[in-house]
Amino acid sequence: MKNDLLLRAARGEKTERIPVWLMRQAGRILPGYRKLREKVKDFKELVKTPTLACEATLEPVQALDVDAAIIFSDILVVPEAMGLDYEMLESKGPMFEKTIQSKKDIDGLRIGSIENWNYVVEAIKLTKSELNGKVPLIGFAGSPWTIFAYMTEGKGSKTFSIAKRMLYSEPEMAHALLDKITQTTIKYLKDQVNAGAQIVQLFDSWGGILSPESYEEFSLPYIAKICDELNGLVPVIAFPKGAFFSAKEIAKLNCSVIGIDWTVNPSEARTLFGGKSLQGNLDPCVLYAEPSVIRSKTHNMIEQFGTKGYIANLGHGVYPDIPVDNVRHFVECVKQYPVK
Ligand code: 1CP
């Protein structure tokens, strides 16, 4: 491994330089990605063609000079593997033909297996061999609650009121669905690790719309199960976006790294999550600002996080209209930060 900064920082070590990557680095912002998209019918064809998924994964490593690659895929591979098909509508996002509303619907879902996500396994193997140890490869999945939200709503939502209604009115049914998603996700992540993923991230993108009580009943226990199954194999990064109202409970997860969003002060995050490595947390919108602002906000962030057991990143995915040069500047500013 030529550059294992990310893996060492995830294990809590002090590194000679701070590793940096960006959530959603592999799509949307890069010109090469747009060209790749023009070659295919739709987003899913890109995800399901290992040579193209590999190309999309490698582009940011070249173009942005980041310290990790994240496999080009989507969290919605899991519902599809369970038998719930979706389309990715141009500039609208995911759309499921059917949604899960009843016990019968849940019984009709399968616990996915390798044949349902073999294209991801192949993409990881190919990417791993192309990377040839240049930087580590990150695997990922959505958290069970976040996947549940898409499976019950059928698409993105502002309120996720259909998903939340099930939590309050049919809690047993909700747990049955969450359990099935969790079993699938554990198998899916283990297959990613066997194929060559060296670290995995769990995106709980919609954790923040729950109350602390609901979060601790319907999201966190399932994330905990996945961490317990995976963290002995590779480091797990748990990213409980917006859910830091439950920080005390999150701190108990059996994961190596906690991903922090911009709503938490970095030095406070250190106090909350004592023994863990941290990742984050610059507001992506800082990258719209001029270079000197990006530099001072990035260096200020690092100073507060400290340099041991720290992975620099944004507090959520990079937005499609952020200029690539500004993203590159952010990466450089992290790399230039003097570690004493
Ligand atoms: O760096 C990367 O881009 C790697 C690949 C990646 C990842 C990690 C993609 C490709 N998606 C994801 C994760 C993902 N997908 C999340 C979790 C991260 C987050 O919170 O941002 C979520 C919530 C999704 C679901 C999803 N996929 C949406 C959101 C819809 C909503 O409800 O707001 C959308 C629009 C997608 C499509 C998608 N996934 C990935 C890309 C590059 C795109 C854009 C589609 C395109 O190119 O046409």
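Enumerate the amide H contacts of Asp204 below 5 Å, restricted to partners 5 or more residues apart or on another chain; note that Pro and chain-start residues carry no placed amide H.
So Asp204 has HN proximity to Ser143, Phe239, Lys241.
On a 21 Å Cα-Cα criterion, which of the cross-link pairs Lys125/Lys190; Lys155/Lys241; Lys44/Lys104; Lys98/Lys158 come out too long?
From the list (Lys125/Lys190; Lys155/Lys241; Lys44/Lys104; Lys98/Lys158), the Cα-Cα distance tops 21 Å for Lys44/Lys104.
Please go through the range 96-197 and write out the GluC sites (Glu not before Pro) that DSSP classes as loop and that have at most 12 other C-beta atoms within 10 Å.
Glu97
What is the Cα centroid distance between the range 70-108 and the range 145-165, reported in whole angstrom?
Cα centroid of the range 70-108 versus Cα centroid of the range 145-165: 11 Å apart.
Kindly provide the helix-only [θ] at 222 nm of the chain, computed as the sum of -39,500 (n - 2.57) over DSSP H runs of four or more divided by all residues, to the nearest 500 deg cm²/dmol?
-13500 deg cm²/dmol
So which trypsin sites (Lys or Arg not before Pro) in the range 176-256 end up in coil per DSSP with only 12 or fewer other C-beta atoms within 10 Å?
Loop-located and lightly packed - Lys252.
Near Leu189, within a Cβ-to-Cβ distance under 13 Å, what is the net charge of the other residues, with Lys and Arg +1 and Asp and Glu -1?
0
Helix 220-230 against the longest principal axis of the chain: what's the angle in degrees, Cα atoms only, rounded to the nearest 10?
70
Could you tell me how many degrees, from 0 to 90 and to the nearest 10, lie between the Cα long axis of helix 50-63 and the main elongation axis, the longest principal axis, of the Cα atoms of the chain?
It is inclined by approximately 30 degrees.
So what is the diffusion coefficient of the chain in µm² per second by Stokes-Einstein at 10 °C and 1.306 mPa s, using a Kirkwood Rh over Cα pairs?
Taking Rh from Cα pairs, D becomes 79 µm²/s.
State the three equivalent ellipsoid semi-axes of the range 165-242, derived from the C-alpha gyration tensor as the square roots of 5 times its eigenvalues, in descending order and whole Å. The partial results should precede the final answer.
Numbers: eigenvalues 121, 39, 16 Å².
The three semi-axes for the range 165-242 are 25, 14, 9 Å.
Cα to Cα, under 19 Å, and not fewer than 8 places away if on the same chain: which aspartates and glutamates meet these conditions relative to Lys297?
The reachable aspartates and glutamates, counting only those whose Cα sits under 19 Å from Lys297, are Asp261, Glu268, Asp283, Asp325, Glu332.
Note the angle between two axes, namely the Cα long axis of helix 324-336 and the longest principal axis of the Cα atoms of the chain, as a number of degrees from 0 to 90, rounded to the nearest 10.
It is inclined by approximately 60 degrees.
7 Å from Cα along Cα→Cβ at both Leu89 and Asn254: what's the point-to-point distance in nm?
About 4.2 nm, to one decimal.
What number comes out for the charge environment of Ile199, summing +1 per Lys or Arg and -1 per Asp or Glu over other residues with Cβ under 12 Å away?
0
A short reminder: the numbers here are calculations on the coordinates, not readings from a lab. These figures come from a predicted structure and were not determined experimentally. Using ideal geometry, Cβ is built from the backbone for each residue, glycine included, and neighbour counts are taken over all protein chains shown.
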